[in-house]
Amino acid sequence: MSSDDEREREKVNKPEFKLELIEECIHTLCDEYGIADDQRPKPMGVTDADVAAMREEIAAIQKQIDDVNEMRESKRKPKHQQKDPAVAPQD
């Protein structure tokens with residue numbers, strides 16, 4: 001047996017590799033059967049509270065992105081479009 005084969009065998013026998021392989025199989029099966037993301041099993045050790053916290057963090061980051069994009073968009077508009085729409089132009 002070559003040293004490459006031995007290294008591959010050591011890699012495959014590690015628990016981390018086996019867990020990664022199992023998670024990939026679950027992901028593939030869920031895709032194949034059309035299981036929605038929110039219905040898929042969670043990786044070991046991930047609680048509902050962890051998922052909720054991640055969703056809150058993602059929402060906060062998305063809000064920051066939206067705010068920055070809105071600010072950039074307002075800077076791109078010509079000055080006459082930035083005026084308060086409540087104030088009617090006087091002709």
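Each value in this text was obtained by applying a stated rule to the coordinates, not by laboratory testing. Here the structure is a predicted model, which means the values were calculated and not measured. Cβ coordinates were reconstructed from backbone atoms using ideal geometry, including for glycine residues, and neighbour counts include every protein chain displayed.
Things to note:
- For residue 56, the shell of other residues with beta-carbons less than 13 Å away shows a net charge of -1, using +1 for Lys and Arg and -1 for Asp and Glu.
- Label-zone membership for the stretch 13-36, site residue 46, 7 angstrom Cα→C-beta point, backbone N under 14 Å: 20-28, 30-31, 36
- Using all pairs of distinct alpha-carbon atoms, the Kirkwood hydrodynamic radius of the stretch 1-50 works out to 13.0 angstrom.
- Net charge contributed by nearby residues that have their C-beta within less than 14 Å of residue 29 (K/R +1, D/E -1): -4
- Computed E for residue 69/residue 13 - FRET, C-beta separation, R0 41 angstrom, nearest 0.05: 0.30
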